[in-house]
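Notes follow once the structure below has been shown.
We did not get these values from a lab; they are worked out from the coordinates using the rules stated. Predicted, not measured: the structure shown is a model, and the values here were computed from it. Here the Cβ positions follow ideal geometry from the backbone for every residue, glycine too, while neighbour counts run over all protein chains shown.
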Amino acid sequence: MNSALLQNLIAGAGPTSQFAGGLVVVTLYAVIGLLAAAGSIFIFRRIFQGRWEQIFWASFLVVIAAFYLGFAAYFEASIHAWQTEIVAVAIFLVCAVVGLFYLPAIALGYVMHGLWDLSHSLSGTSLAGLPITEIPLGYGIFCLTYDCTVACYLMMSDTAWDETGKLDLHFWRHRA
């Protein structure tokens with residue numbers, strides 16, 4: 001179970017091979033999350049310029065938050081978990097909408113979403129003790145890495161977020 005892997009990684013309990021294997025799994029998912037974020041940033045920065053990019057990242061935050069409704073359905077979560085997930089999606093929607101006017105709100109939403117992902121895969125309950133849908137540990141680590149990388153990009157990007165920008169669906173035809 002996820003909590004057993006986490007306990008072994010934190011306490012160093014269990015056989016050395018189990019600890020080493022767990023560390024490899026965690027590292028692998030973190031690296032995959034970092035590479036996926038870098039690829040997403042590269043591609044979406046080419047497709048969406050200026051304000052369009054900000055709109056994309058805000059919309060994508062809502063989409064990835066809504067994945068939990070799919071997990072809740074797939075894993076047949078309790079009604080209480082459904083309620084928690086719907087409230088969480090609504091919170092990320094607010095971050096996205098506010099982020100259309102104040103970019104750091106989108107970045108904050110991504111960091112919060114990464115932590116939300118990790119809390120799902122570690123315990124099956126939120127930090128407030130509310131029931132949530134349990135997911136595989138690898139997914140939580142992947143998402144935390146992905147989301148934090150995107151948040152850093154949003155805060156450090158040289159994109160002119162206030163410019164009208166453009167949408168270039170044929171970006172691969174142009175040389176950078």
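Quick notes
- Relative packing of 82-93, 142-153, which averages over residues the other C-beta atoms within 10 Å, highest first: 142-153, 82-93
- Both radii were evaluated on the Cα set of the stretch 41-144; the Rg over Rh quotient, with Rh as the Kirkwood radius, amounts to 1.01.
- Added length on full extension, which subtracts the Cα-Cα distance from 0.36 nm per residue, residue 97 to residue 173: 24.1 nm
- The simple Förster model, with R0 at 45 Å and r as the Cβ-Cβ distance, assigns residue 23 and residue 83 a FRET efficiency of 0.80.
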